[in-house]
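Trainee: Below: one structure in structure tokens.
The values are calculated or read from the model by the stated rules, or taken from the named source; none is laboratory data. Every value quoted in this text rests on a predicted model; they were computed, and no experiment measured them. Here the Cβ positions follow ideal geometry from the backbone for every residue, glycine too, while neighbour counts run over all protein chains shown.
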Amino acid sequence: MPRLSISEMTTFHWPFPEDVVEYRAAGIEGIGVWRRKLTEFGEERGAELLREGALAVTSLSYVGGFTGSDGHSYAEALDDARQALQVAAEIQAGCLVVVTGARWRHTRGHARNLVRDALRSIGDAAGEHNLHIAVQPMHRAHASDMTFVNSLDALLDLLHRCDHSQVGMVFDAYHLSQELALCERIGEIVPWVKLVTLSDARELPHSDCQRCLPGEGRLPLKEIVGALETAGYQGFYEMQILSDEHWNSDYYRLLDQCKRAFQALCAPAPSPATSEKPGT
């Protein structure tokens, strides 16, 4: 399945080596690596296993918290990001995902400046390794404690302020689905897109863990994928199916469902059936 990747957060209960082996066995080309699983297994061993499995690493998730909202200082968060960059380079990740941190006690302007400076700093380091930094937007309804980048406009404003060639965005269809005229804006934003993550929602999301497979919900994912392709996006699509329902399911079946759902998203629309004329 070309350009399909699965985030390790989808197969939450599998350990890192099982993810690598089973994704490849299922015919999936890419993997979104979760730092927690990789660290538990061992970074050097993990990098070797990824090379042996011949999987494309589409992302390493995640770093951030530059505003201090998670209890770490700015310097500590920046140091952690630089360490993660070394790991991302070792596993040849396509991008390192950033979750900025909440606004916390800062003014909005000061929070933006802190994150802008952090992104420029790690963007410089990323450039040395030919890596990209991808900022993750999250809807304010269920992520205000993790990031102040809660809308597409807020994300674009931050990226313009940062103005760094290595720094872009995660296009998370789940979190951006409530943006007005989203498909119409994709042509404008696709140059910033370093990774696309896909999942569906049966109702308006109120939690980051209400995700379902594409086709099981109400989001216009086929239109979104079509608009991204038309606008020239050439990267991977990473499935992130975060939900108790799927976390407690049969993961072999789940991987097959991910493949089928992605295939349906990428299938061309059927041409209208030709009606037979009377008497023929």
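Trainee: Among the candidates ALA89, ALA93, ALA84, single out the residue that is small (Gly, Ala, Ser), part of a helix (DSSP H, G or I) and under 29 Å from ASP244 (Cα atoms).
Mentor: Only one candidate passes the filter, namely ALA84.
Trainee: Just for helices (runs of 4 or more DSSP H) wholly inside region 136-210: which have at least 3 residues that are aliphatic (A, V, I, L, M), on the phi < 0 side of the Ramachandran plot and at pLDDT 95 or above?
Mentor: 152-162, 182-189
Trainee: Of the numbered conditions (1) closer than 17 Å to GLN136 by Cα; (2) surrounded by fewer than 22 Cβ atoms within 10 Å (Cβ to Cβ); (3) out of contact with any helix residue (DSSP H, G or I) (no Cβ under 9 Å at 6 or more places or on another chain), ARG112 fails exactly one; give the number of that condition.
Mentor: ARG112 satisfies all of (1) closer than 17 Å to GLN136 by Cα; (2) surrounded by fewer than 22 Cβ atoms within 10 Å (Cβ to Cβ); (3) out of contact with any helix residue (DSSP H, G or I) (no Cβ under 9 Å at 6 or more places or on another chain) except (3).
Trainee: Among the residues of region 120-135, write down those that are closer than 25 Å to LEU182 by Cα and either part of a helix (DSSP H, G or I) or hydrophobic (A, V, I, L, M, F, W, C) (or both). Even if it seems obvious, please write down each step before you answer.
Mentor: Going residue by residue through region 120-135, those that are closer than 25 Å to LEU182 by Cα are 132-135.
Passing the criteria: ILE133, ALA134, VAL135.
Trainee: Just to be sure, is ASP117 in a helix (DSSP H, G or I) and either of a type in the set (A, V, I, L, M, F, W, C) or under 28 Å from MET239 (Cα atoms) (or both)?
Mentor: Considered against the rule, which asks whether it is in a helix (DSSP H, G or I) and either of a type in the set (A, V, I, L, M, F, W, C) or under 28 Å from MET239 (Cα atoms) (or both), ASP117 comes out as no.
Trainee: Given the conditions (1) of a type in the set (Asp, Glu); (2) part of a loop (DSSP other than H, G, I, E, B); (3) within 27 Å of CYS258 (Cβ to Cβ), which single one is not true for ASP70?
Mentor: Against the list (1) of a type in the set (Asp, Glu); (2) part of a loop (DSSP other than H, G, I, E, B); (3) within 27 Å of CYS258 (Cβ to Cβ), ASP70 comes up short only on (3).
Trainee: Let me ask something else about it. Is one or more of the residues making up region 72-82 of a type in the set (Gly, Ala, Ser), out of contact with any Leu (no Cβ under 8 Å at 6 or more places or on another chain), over 17 Å from ASP19 (Cβ atoms) and surrounded by 18 or more Cβ atoms within 10 Å (Cβ to Cβ)?
Mentor: The answer is yes, given that some residue of region 72-82 is of a type in the set (Gly, Ala, Ser), out of contact with any Leu (no Cβ under 8 Å at 6 or more places or on another chain), over 17 Å from ASP19 (Cβ atoms) and surrounded by 18 or more Cβ atoms within 10 Å (Cβ to Cβ).
The rows are residues; the columns are (1) charged (D, E, K, R); (2) over 22 Å from ALA102 (Cβ atoms); (3) in contact (Cβ under 8 Å) with a residue 60 or more places away in the chain.
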{"site": "ALA26", "(1), (2), (3)": "no, yes, yes"}
{"site": "TRP34", "(1), (2), (3)": "no, no, no"}
{"site": "ARG45", "(1), (2), (3)": "yes, yes, no"}
{"site": "GLY64", "(1), (2), (3)": "no, no, yes"}
{"site": "GLY68", "(1), (2), (3)": "no, no, no"}
{"site": "SER73", "(1), (2), (3)": "no, no, no"}
{"site": "LEU78", "(1), (2), (3)": "no, no, no"}
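Trainee: I need a count of the residues in region 1-50 that are part of a helix (DSSP H, G or I), under 20 Å from the mean Cα position of the chain (by Cα) and either surrounded by fewer than 16 Cβ atoms within 10 Å (Cβ to Cβ) or β-branched (Val, Ile, Thr) (or both).
Mentor: 3
Trainee: Six or more apart or on different chains, Cβ atoms under 9 Å: show the pairs whose first residue is in region 227-240 and farther than 26 Å from ASP208 by Cβ and of a type in the set (Asp, Glu) and whose second is at pLDDT 95 or above and in a helix (DSSP H, G or I).
Mentor: Listed pairs, sorted by first residue: none to list.
Trainee: Now for a different question. Restricting to region 7-51, name every residue that is touching an Asp or Glu at 6+ places or on another chain (Cβ under 7 Å) and among the β-branched types (Val, Ile, Thr).
Mentor: THR11, ILE31, VAL33
Trainee: Can you tell me which residue within region 118-150, out of those that are among the polar types (S, T, N, Q) and closer than 20 Å to GLU203 by Cβ, is surrounded by the most Cβ atoms within 10 Å (Cβ to Cβ)?
Mentor: Per the stated criteria, the residue is ASN150.
Trainee: Could you tell me how many of the residues in region 217-266 are in contact with a helix residue (DSSP H, G or I) (Cβ under 8 Å, 6 or more places away or on another chain), at negative phi and in a loop (DSSP other than H, G, I, E, B)?
Mentor: 6
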